[in-house]
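Here is the structure we will look at.
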Amino acid sequence: MLPFSHWQRFIQGLSVFALGLVVMVIGAWWVLPLYYAGLAILLGGFGWAMSGYLGLLWQRLTKNINPNKYR
């Protein structure tokens with residue numbers, strides 16, 4: 001997998017996380033079930049973003065171990 005796709009996955013997950021936060025805040029003020037839906041979206045976005053981040057981290061660590069692989 002290319003590092004760019006990990007970066008895209010991280011940004012997409014971060015966007016889903018932010019959307020979940022907005023839905024959670026709206027749900028906390030007006031509709032309580034929206035709060036729980038927002039919490040689920042927030043946790044899903046967190047997992048999605050962390051999978052992209054771990055891919056970036058893994059690529060960075062293995063690039064230092066074997067520098068000729070990515071040249």
Proximal charge balance of HIS6 [Cβ under 14 Å; K/R count +1, D/E count -1]: +3
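Can you tell me the mean projection area, over all orientations, of the convex hull of region 3-64's alpha carbons? Units nm², please.
Averaging across all directions leaves 3.6 nm² for the Cα convex hull.
When Lys and Arg each count +1 and Asp and Glu each count -1, what net charge do the other residues less than 11 Å away from TYR53, Cβ to Cβ, add up to?
For residues surrounding TYR53, the net value is +2.
We did not get these values from a lab; they are worked out from the coordinates using the rules stated. Bear in mind that the values here come from a model prediction, so they are computed numbers and not experimental data. Quick reminder, even Gly has a Cβ in these numbers, built from the backbone with ideal geometry, and neighbours come from all protein chains shown.
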